[in-house]
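Chemist: I'd like to ask some things about the structure below.
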Amino acid sequence: MASRGFERAEAGDAVAHEGFLRYRRFRWFKTALAISVFLIVLYLIVDVQPRHNGGSWLGYALGTIGAALIVWLSMLGIRKRAITRGRWSLKAWTSAHVYLGLALIVIGSLHTGFQFGWNVHTLAYVLMMLVIVSGIYGISVYAMLPQGLSDARSDMTGPQMIDAVNTLDKQIQAAAQPLSDADSEVVLGSLGEDPFGGGVWRRLTGSYPRCGNRRALQIMRGRLAETSGKQAQAVEQVVTLLERKQAALQRVRNYVQRRALLEIWLYVHIPLTFVLIAALLAHIISVFFYW
């Protein structure tokens, strides 16, 4: 009895740690695949004259399924606020969201009959594909970047990383006192930089070409060959601290970059979804009232 209880506990732990993509041994992947295959076969065997189109009975059926699915998929954000378990847990809902969303590629494409033009109908289809592509990107980054975020932090919290940079700034300021006025100005000019500074592009690329610390480090490394005695010792100490700060800044910027890559897709996926729903409404209204 005890061994059975232990086995059930292990099985429960395995399910609890199972990712949404693998939920219940890919239940929703298999469901979406079965739906897609069935609809493709139906599309191939049904004879529609003169050719398949969105206005045929099959086209209307596929359009209705697709429209209902789009509305349901858009409700994931609302669903996240409710905590339930079992068949309709958030993990199950998210898994269904992903795989049924991918099935929309088949459903939407078959609905069009592969007839496209410069109209609101094709616009709705293109927007649907853009939403799906942005969703695929989101799945990819959520699968790959969390571990990168953890590695970038090096077991440090955000405030701890900032404190490390600020502490090095104070040490650099003290070490720069014996330097010449020109060198001191260069070094002190690198202090107080915002590690999170820069626009969206810099955060996404991790490129900071105007980094004051990097500039000061390059200049002071050049000074090492030009100085001697106590001045050389002071320059060497400053260079060591600037190198440590550069490593600390890189750690912060790597973390910021990964966070930006992880979050940026939401600023595309969610607004596109609302635009898609608006285009879908325009598509439906134009079909029923103007055709």
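Taken together, the values in this text are just the output of simple stated rules run on the coordinates, not laboratory data. Note that this is a predicted model, so its numbers are computed, not measured. Virtual Cβ from ideal backbone geometry, glycine too; neighbours counted across all protein chains shown.
Chemist: With Kirkwood's inverse mean 1/r over C-alpha pairs for Rh, give me the Rg to Rh ratio of the range 158-263, two decimals please.
Modeler: Computed over Cα atoms, the ratio is 1.03.
Chemist: Given the Cα-Cα distance of Met75 and Leu281 and 0.36 nm per residue of separation, how much length would full extension add, in nm?
Modeler: Length difference between fully extended and current span is 72.5 nm.
Chemist: Please give, to one decimal in nm, the separation of the simple spin-label points placed at Trp201 and Ala34, each 7 Å out from Cα toward the Cβ.
Modeler: Modelled inter-label distance: 5.0 nm.
Chemist: Scan the range 223-278 for GluC sites (Glu not before Pro) in coil per DSSP, keeping those whose Cβ has at most 12 other Cβ atoms within 10 Å, and list them by number.
Modeler: Loop-located and lightly packed - Glu226.
Chemist: Could I ask something else about it? Sort 48-58, 24-34, 244-254 by packing, meaning the average of other beta carbons within 10 Å per residue, with the highest value first. Could the numbers behind the result be given before it?
Modeler: Values: 48-58: 13.5, 24-34: 15.3, 244-254: 18.9.
Final packing ranking: 244-254, 24-34, 48-58.
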